[in-house]
Amino acid sequence: FAVSGHLYLGFYEQTKDKSQLKDAKNLFSIAAKLFSEYYLQGEYNESLNYYQQLISDGILKSLVLSKADFKEKTELINLVERNASQHLIKAYHQKLRRSNSKNNAYIDQLNALKQEISYYQKLQKSDKKHEQKINAINNQITELTKKISLTEKNYALFNAANFDINDVLKTLDNDEQLLKYYVTDEHVFIVQIDKKDIAIKQITYNAAVK
């Protein structure tokens, strides 16, 4: 989906056909959700890094090229941030495995529990009887997190809840701005966030920075 999205972006830049830009954004959105739901269930590897960069670059570039409303910008940037955060957690888990063999079993259990809770959360959408099971799994995750935190003090903080840009907006005063830079393999983007709007700019090609 991400590769197809970039193809549609290329078509749009040649033809200026807005339907192709819309198709590109839809493909990147699907790719980001699939990345979060399936790819991040496995271990960190270089392929994960490649696809995460490809998806982030596509989403941000499509936002630069389109006149997205505030709601769409928020939804897509949340996808980028959540995938990036989970991707970093995977890399961090790999580091923990190398530094402390005792944590290997805990991380394996955590990964299994997260897959299990994801399954029951999907069932919960149509059948509310799984709430007790979900709570029990969450308790197991909390206990395992505490065990890892005995040797890795920042582990619980590093595995914090999903990023939501709306929570960031609540902390900003009317005259404050938040700037966030995204560096992908191809481009550098800057996202400017304030109470009223989110502005995304492509400030240079990454090759120029390198």
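General remarks:
- Selection count, region 174-194, where residues are at pLDDT 85 or above and in a loop (DSSP other than H, G, I, E, B): 6
- Taken as a whole, the condition of being surrounded by 10 or more Cβ atoms within 10 Å (Cβ to Cβ) and modelled with pLDDT under 90 applies to N159.
- Only one entry in K114, K129, K133, K125 is at pLDDT 85 or above and basic (K, R), namely K133.
- Only residues that are of a type outside the set (D, E, K, R), more than 17 Å from Q20 (Cα to Cα) and under 13 Å from the mean Cα position of the chain (by Cα) were counted across region 56-80, and they come to 7.
- Among residues of region 40-55 that are assigned to a helix (DSSP H, G or I), none has a beta-carbon under 9 Å from a residue that is modelled with pLDDT under 60 and open to solvent by 60 Å² or more (accessible area, probe 1.4 Å) at least six positions away or on a different chain.
- Condition met for N49 (at pLDDT below 90 and open to solvent by less than 20 Å² (accessible area, probe 1.4 Å)): no
- Note on region 110-134: residues that are open to solvent by less than 80 Å² (accessible area, probe 1.4 Å), assigned to a helix (DSSP H, G or I) and over 29 Å from Q94 (Cα atoms) total 3.
The values are calculated or read from the model by the stated rules, or taken from the named source; none is laboratory data. Only a predicted model underlies this, so the values are computations on that prediction, with no experimental measurement involved. Backbone-built Cβ (ideal geometry, glycine too); neighbour counts: all protein chains shown. Remember, those area values only see protein heavy atoms, side chains included, never the ligands or the DNA or RNA. Shrake-Rupley method; radii C 1.70, N 1.55, O 1.52, S 1.80 Å.
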